[in-house]
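Trainee: Take a look at the following structure, please.
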Amino acid sequence: MKYLLDTNICIHLFRGNYNLADKIEQIGIENCAISEITLAELVFCAENSKFPKKNFQLIEIFSEQVINQF
């Protein structure tokens, strides 16, 4: 089964909330994807954050793993 992660789930994952890293590890990162809209929303959030460089790096690493998985 494939999972399409929304922006809120990605942000919670980045923050380490709700044991999402463990849950994604259980289902496999290869079974997860994000939409272009979610990617755009994550970039917008990073641009407006206190630590944009750090957040852009997180988004880049994460998006390389999940984009085009469907």
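The values are calculated or read from the model by the stated rules, or taken from the named source; none is laboratory data. Here the structure is a predicted model, which means the values were calculated and not measured. Backbone-built Cβ (ideal geometry, glycine too); neighbour counts: all protein chains shown. Heads up: the accessible areas ignore ligands, DNA and RNA and are worked out on the full protein's heavy atoms, side chains in. Shrake-Rupley method; radii C 1.70, N 1.55, O 1.52, S 1.80 Å.
Trainee: Out of the residues in the range 40-55 that are under 16 Å from ARG15 (Cβ atoms) and of a type in the set (A, V, I, L, M, F, W, C), state the one that is surrounded by the fewest Cβ atoms within 10 Å (Cβ to Cβ).
Mentor: So, considering only residues that are under 16 Å from ARG15 (Cβ atoms) and of a type in the set (A, V, I, L, M, F, W, C), the one surrounded by the fewest Cβ atoms within 10 Å (Cβ to Cβ) is PHE51.
Trainee: For the subset of the range 26-39 comprising residues that are in contact with a helix residue (DSSP H, G or I) (Cβ under 9 Å, 6 or more places away or on another chain) and open to solvent by 60 Å² or more (accessible area, probe 1.4 Å), which member is modelled with the highest pLDDT?
Mentor: Across the range 26-39, the extreme among qualifying residues is ILE37.
Trainee: Suppose we filter LYS50, LYS54 for residues that are charged (D, E, K, R) and not in a loop (DSSP other than H, G, I, E, B); which single one remains?
Mentor: Only one candidate qualifies: LYS54.
Trainee: Name the residues in the range 17-35 that are assigned to a helix (DSSP H, G or I) and closer than 19 Å to GLU60 by Cβ, would you?
Mentor: The answer is LEU20, ALA21, ILE24, ILE29, GLU30.
Trainee: For PHE14, are the conditions met, namely being open to solvent by 90 Å² or more (accessible area, probe 1.4 Å) and either part of a helix (DSSP H, G or I) or touching a Cys at 6+ places or on another chain (Cβ under 8 Å) (or both)?
Mentor: Against the criterion (open to solvent by 90 Å² or more (accessible area, probe 1.4 Å) and either part of a helix (DSSP H, G or I) or touching a Cys at 6+ places or on another chain (Cβ under 8 Å) (or both)), PHE14 does not qualify.
Trainee: Hey, among LYS23, LYS2, which residue is modelled with pLDDT under 95, open to solvent by 60 Å² or more (accessible area, probe 1.4 Å), more than 11 Å from the chain's Cα centre (by Cα) and of a type in the set (Lys, Arg)?
Mentor: So the residue among LYS23, LYS2 that is modelled with pLDDT under 95, open to solvent by 60 Å² or more (accessible area, probe 1.4 Å), more than 11 Å from the chain's Cα centre (by Cα) and of a type in the set (Lys, Arg) is LYS2.
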